[in-house]
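A.B. asks: Here it is, the structure, as structure tokens.
The values are calculated or read from the model by the stated rules, or taken from the named source; none is laboratory data. Note that this is a predicted model, so its numbers are computed, not measured. No Cβ is skipped: glycine too gets one built from the backbone with ideal geometry, and neighbour counts run over all protein chains shown. Just the protein is used for accessible areas: all its heavy atoms, side chains included, with ligands, DNA and RNA removed. Shrake-Rupley method; radii C 1.70, N 1.55, O 1.52, S 1.80 Å.
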Amino acid sequence: MISTLTAAWNRVFGLLGRVSMYRLVLFALAALAVIAFGLSFTGQLAAGPVELIVSLAVLAVSIVLVDAVAQRLLGRAWRIESALITAFILLFALRPTLEPWGLVGIALAGAVASASKYVLAWQGRHIFNPAAVGATVLTLVSIAAPDLGSSWWWVGSPLLAGPVAVLGLVVLLRTEKVRVVGIFLIVAVVVGFLRTVVQTQSLGLPLDVGLTFSQLLLQTPFLFLGAFMLSEPLTLPPRRWQQAIVAVVVGILAGWPIPLGEITLGQERALLIGNLVAFLFAMRTAVRLTIVERTAVTPTVRELSFRAERPVRFAPGQYLELEVPHPHPDSRGTRREFSILSSPAELPIVRIAMREGSQSSYKKALAQVEPGDALAITGIWGDFVLPRKTTTPILMVAAGIGVTPFVSQLRHLRLADEGRDVVFVYVASGAEELAFRDDLEAAGIPVIVVTREEPASLPEGWRWAGGARLDADELLALVPDIAERHAYVSGPPALIAALAPALDRARGLTTDAFSGY
């Protein structure tokens with residue numbers, strides 16, 4: 001059900017979408033570090049202010065150095081945001097110290113974490129969360145050399161629970177991983193509670209249920225682990241149900257750490273096992289592409305066709321992440337997400353579409369890619385897929401470039417000769433920006449066009465709904481049987497928020513919100 005809260009959620013996501021994911025996570029972690037630094041003066045945290053500053057400096061230097069060398073050797077663009085994020089995460093997961101050997105251990109953890117992004121990688125994507133790798137290696141080394149220290153997770157202080165929850169929620173809204181991390185938290189807390197019950201009963205001690213639950217949530221690093229580490233998109237599998245499985249696995253192992261000699265499968269080790277499960281789901285999604293053709297679709301939209309070196313597995317409606325290495329990338333980096341325009345039946349050709357006009361370094365670099373140049377898909381994700389039940393009536397609402405996932409779905413329906421009851425509402429700035437008209441016409445479905453000016457001509461079965469901005473009342477008037485349809489909406493969060501009262505009446509709702517680049 002769509003509510004006022006959901007509409008506000010979409011507005012917030014639209015604002016957050018203006019900040020790159022890496023930069024937002026970095027800002028959130030930096031804010032948390034500043035809060036911890038302030039609290040450290042009260043003596044209520046396990047570390048003092050000088051220990052925090054020195055430990056963070058050692059982590060930053062060790063990680064940045066390894067990153068710089070690796071990027072130089074591999075010829076990749078250097079992203080300092082990624083290095084600093086790893087440094088901040090490790091700051092909260094290790095024991096801050098001023099002891100010389102302890103600082104050596106912290107430097108070792110940072111160096112290993114950074115190196116893991118290049119050594120423990122597949123098709124250009126790291127397999128494991130770097131900070132978890134660094135903390136785990138230090139813990140293993142500390143068995144033989146205790147003076148080096150080990151993982152400690154002092155972030156699990158009740159004083160930091162509130163800031164972690166608020167800042168973590170901001171990150172999860174941006175990465176759209178609230179549901180996944182919610183599953184992890186529920187499983188971890190419930191399993192942790194069962195573990196506590198077993199332990200207290202074996203010792204014959206009384207159990208305060210409310211206190212136990214609050215301690216598990218506020219005095220453990222579960223919030224931090226979920227919001228800032230489990231939520232990392234590059235180490236999660238593509239589909240929501242797969243992500244849920246990973247969340248359950250990590251939650252069980254974190255909530256009930258299994259002893260293995262002198263260590264346990266808790267916290268960072270639990271996450272590493274979850275990363276491995278995710279890798280098994282996603283290992284076949286990284287593929288090299290060779291650009292074949294660039295075509296003008298509208299005055300501002302270009303279609304890019306690629307040939308895949310090997311089969312690409314995707315469902316119509318999903319999106320890919322395309323890496324375009326280039327010197328001096330801006331804060332948004334060298335990767336972007338694009339809805340897949342083509343149908344699986346068109347493989348080995350893979351098509352995407354992009355809107356020109358952006359001044360980002362990425363878009364400029366992609367505009368200079370020539371036929372024959374090779375790029376890489378670093379992953380395929382998304383649950384913006386049609387219902388398995390083909391008799392379910394569908395409403396598709398697209399705004400501008402948001403038409404692309406629907407083109408993939410409609411091409412697939414046509415090529416597979418799969419009939420569905422579909423009504424399409426197309427919102428565009430002008431008639432000249434109605435992209436992929438041929439595909440929509442070939443689908444043989446009714447199309448309702450919302451543009452400022454009436455198009456000179458429209459195919460049979462199409463109609464112009466006037467030039468007014470599409471809102472909830474107008475959508476209800478245009479699609480009176482919306483209560484019988486599963487609605488799919490692809491466009492800016494502001495559009496989804498504006499249509500919320502109408503979408504609330506739909507049989508179901510799936511959105512593909514984006515904020516552009």
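A.B. asks: Working carefully through the options Pro238, Pro257, find the one that is part of a loop (DSSP other than H, G, I, E, B), under 30 Å from Pro316 (Cβ atoms) and touching a residue at least 12 places away in the same chain (Cβ under 8 Å).
C.D. replies: Among Pro238, Pro257, only Pro238 is part of a loop (DSSP other than H, G, I, E, B), under 30 Å from Pro316 (Cβ atoms) and touching a residue at least 12 places away in the same chain (Cβ under 8 Å).
A.B. asks: Could you tell me whether region 98-112 includes any residue that is touching a strand residue (DSSP E or B) at 6+ places or on another chain (Cβ under 8 Å), open to solvent by 20 Å² or more (accessible area, probe 1.4 Å) and in contact (Cβ under 8 Å) with a residue 24 or more places away in the chain?
C.D. replies: Within region 98-112, not a single residue is touching a strand residue (DSSP E or B) at 6+ places or on another chain (Cβ under 8 Å), open to solvent by 20 Å² or more (accessible area, probe 1.4 Å) and in contact (Cβ under 8 Å) with a residue 24 or more places away in the chain.
A.B. asks: I would also like to ask the following. Kindly establish whether Thr300 is surrounded by fewer than 19 Cβ atoms within 10 Å (Cβ to Cβ) and touching a helix residue (DSSP H, G or I) at 6+ places or on another chain (Cβ under 7 Å).
C.D. replies: yes
A.B. asks: So, one more: Hey, among Thr390, Thr290, which residue is open to solvent by 10 Å² or more (accessible area, probe 1.4 Å), in contact with a strand residue (DSSP E or B) (Cβ under 6 Å, 6 or more places away or on another chain), polar (S, T, N, Q) and touching a residue at least 24 places away in the same chain (Cβ under 8 Å)?
C.D. replies: Thr290
A.B. asks: Output the residues belonging to region 482-517 that are out of contact with any Phe, Trp or Tyr (no Cβ under 8 Å at 6 or more places or on another chain), charged (D, E, K, R) and either open to solvent by 50 Å² or more (accessible area, probe 1.4 Å) or at pLDDT below 95 (or both).
C.D. replies: Within region 482-517, Glu484, Asp504, Arg505, Arg507 qualify.
A.B. asks: Determine whether region 338-354 contains at least one residue that is open to solvent by 30 Å² or more (accessible area, probe 1.4 Å) and more than 29 Å from Trp241 (Cα to Cα).
C.D. replies: The answer is no, given that none of the residues of region 338-354 is open to solvent by 30 Å² or more (accessible area, probe 1.4 Å) and more than 29 Å from Trp241 (Cα to Cα).
A.B. asks: When only residues in region 323-348 that are in a strand (DSSP E or B) and out of contact with any Lys or Arg (no Cβ under 6 Å at 6 or more places or on another chain) count, which is farthest from Met396 (Cα to Cα)?
C.D. replies: Arg335
A.B. asks: Given the criterion buried (at least 20 other Cβ atoms within 10 Å of the Cβ) and either free of Cβ contacts under 8 Å to residues at least 60 places away in the same chain or under 22 Å from Ser20 (Cβ atoms) (or both), identify the matching residue among Gly149, Gly162.
C.D. replies: None of the other options fit; the residue is Gly149.
A.B. asks: Return a yes/no flag: does region 208-222 have any residue that is over 27 Å from Ala28 (Cβ atoms) and either of a type in the set (Lys, Arg) or outside any helix (DSSP H, G or I) (or both).
C.D. replies: yes
A.B. asks: Criterion first (assigned to a loop (DSSP other than H, G, I, E, B), among the hydrophobic types (A, V, I, L, M, F, W, C) and over 23 Å from Val25 (Cα atoms)) does Ala315 satisfy it?
C.D. replies: Yes.
A.B. asks: Which residues, taken from region 184-213, are open to solvent by 50 Å² or more (accessible area, probe 1.4 Å) and either in contact (Cβ under 8 Å) with a residue 60 or more places away in the chain or within 33 Å of the chain's Cα centre (by Cα) (or both)?
C.D. replies: Ile186, Val190, Leu194, Arg195, Phe213
A.B. asks: Does region 138-162 hold any residues that are part of a helix (DSSP H, G or I), of a type in the set (A, V, I, L, M) and over 16 Å from Phe92 (Cα atoms), and which are they?
C.D. replies: Residues satisfying the conditions are Leu140, Val141, Ile143, Ala144, Leu148.
A.B. asks: Please work out which residue is farthest from Pro348 (Cα to Cα), limiting yourself to region 303-315 and to residues that are open to solvent by 50 Å² or more (accessible area, probe 1.4 Å) and among the charged types (D, E, K, R).
C.D. replies: If we take residues in region 303-315 being open to solvent by 50 Å² or more (accessible area, probe 1.4 Å) and among the charged types (D, E, K, R), then Arg313 is farthest from Pro348 (Cα to Cα).
A.B. asks: Still on this structure, I have one more. Give region 468-478 a look and list any residue that's assigned to a loop (DSSP other than H, G, I, E, B) and open to solvent by less than 40 Å² (accessible area, probe 1.4 Å), or say none.
C.D. replies: If the condition is that a residue be assigned to a loop (DSSP other than H, G, I, E, B) and open to solvent by less than 40 Å² (accessible area, probe 1.4 Å), then Leu470 is the only one that fits.
A.B. asks: Can you spot a residue in region 455-462 that is crowded, with 20+ Cβ neighbours inside 10 Å and touching a strand residue (DSSP E or B) at 6+ places or on another chain (Cβ under 6 Å)?
C.D. replies: Checked region 455-462: no residue is crowded, with 20+ Cβ neighbours inside 10 Å and touching a strand residue (DSSP E or B) at 6+ places or on another chain (Cβ under 6 Å).
A.B. asks: Could you tell me whether region 118-130 includes any residue that is surrounded by fewer than 19 Cβ atoms within 10 Å (Cβ to Cβ), of a type in the set (S, T, N, Q), touching a residue at least 60 places away in the same chain (Cβ under 8 Å) and not in a helix (DSSP H, G or I)?
C.D. replies: Yes, because at least one residue in region 118-130 is surrounded by fewer than 19 Cβ atoms within 10 Å (Cβ to Cβ), of a type in the set (S, T, N, Q), touching a residue at least 60 places away in the same chain (Cβ under 8 Å) and not in a helix (DSSP H, G or I).
A.B. asks: Another question, then. I need every pair where a residue in region 496-507 that is closer than 17 Å to Met396 by Cβ has its Cβ under 6 Å from the Cβ of a residue that is among the polar types (S, T, N, Q) and open to solvent by 40 Å² or more (accessible area, probe 1.4 Å), sequence separation at least 6 or different chains.
C.D. replies: Ile496/Thr511
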